[in-house]
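Taken together, the values in this text are just the output of simple stated rules run on the coordinates, not laboratory data. Computed from a predicted structure; not experimentally measured. Note: ideal-geometry Cβ built from the backbone for every residue, glycine included; neighbour counts use all protein chains shown.
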Amino acid sequence: MNYEGKVYRPWMEADSFLIQTTIGCTHNKCTFCDMFREKRFRIRDIEDIFKDIDDARNYLRHIRSLFLIDGNVLALKTDFLLKVLHKVTSTFPECDKISAYAGLNDLRRKSVEELKQLKDAGLDKVYTGLESGDVVTLENIKKGLTREQAKKGMAHAKAAGIEVLISIIFGIGGRKRSREHIVETTKLLNILQPEELAPMALTIQPGTILKKQVVSGEFIQATPLQILEEEKYLLENLEDFDMLYWGDHSNNIETLKGMLPSFREYFLQKVNHAITHHPVAGQEVLQTSPW
Ligand code: SF4
């Protein structure tokens, strides 16, 4: 395959075949992110995308799931995306799941009718980063997303029947806004009610604006204890709607994966145990690995 630059996919999509439709991210300004920093956003030629799909068919006998990359693929015009989806479904009739990265603003900008067309053409699920529901934190990290925009984007996806996995970041408010970050994030999640949630502990990526802010002292990292307290607050205060909880990212202190609300008490037992017994809970900063 002709992948351009570093490619990323969610860990839940480890078995999916990756088709690169865009290069980079249209926003590319989040202070904590270095995923597409070296790439200028552009759309790949449709002939090149089709060639990748045909090439894949020649050497892969069975594709169960497929993931469209790079950054926010839903920024593509609907007609373009429909052509890609039709090519995928006609080439891989056995594929039973197609997912993509999408910004909540991309979902907001598309009409429900457009999203329904994409759903009918085979798009089952999108992965989107909310990171925080706290207005100040969203501004500090230059997310380019407001709470109202997030609500509208989510409402469009729900109306179209497209599943949404939302990722949030423990510790992204720093030491000073840890509480506000998790309280406001939990409130917003209770409104958005995504089908899946992936909470990840913050990692300071080399080369990012956030890394410079850490070095200068402008951003003070949350302690591991605060990160555990954030997860505890989240689990205690999410309302009773069905949601798959992917708290098993390698940077998280506890590995928690299962359906909420049924796993709530079990997860809380593990987090409470970590708060009192885990060796990192007494440390100043959580050691994490870059993505
Ligand atoms: S976090 Fe997402 S929206 Fe922000 S720069 Fe990275 S890829 Fe783009």
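Points to keep in mind about this one:
- Exposure proxy for 248, 55: other Cβ atoms within 10 Å of each Cβ, ordered fewest to most, give 55, 248.
- Shape call, region 36-96: gyration tensor on alpha carbons, a/c limit 1.5: prolate
- The chain: Cys lacking any partner C-beta under 4.7 angstrom: 25, 95
- Legend: distances between Cα atoms for 83/142; 6/152; 143/232; 151/257; pairs beyond 29 Å are 83/142; 6/152.
- The mean sequence distance of close C-alpha pairs (under 8 Å, at least 6 residues apart), as a share of the length of region 11-281, puts its relative contact order at 15 percent.
- Neighbour-limited loop hits for trypsin sites (Lys or Arg not before Pro), region 252-284 (at most 10 other Cβ within 10 Å; DSSP other than H, G, I, E, B): none
- Tensor-based shape of the chain (alpha-carbon gyration tensor, a/c under 1.5 rounded, otherwise prolate or oblate): prolate
- Shape class of region 130-281 from the alpha-carbon gyration tensor: oblate, with a/c at 1.5 or above and b/c at least as large as a/b.
- Across region 158-291, C-alpha contacts under 8 Å between residues 6 or more apart give a mean separation that, scaled by the residue count, equals a relative contact order of 28 percent.
- DSSP beta bridge pairing in the chain, given as percent antiparallel to the nearest 5: 20 percent
- Centre separation in Å (Cα based) which lies between region 218-291 and region 33-112: 32 Å
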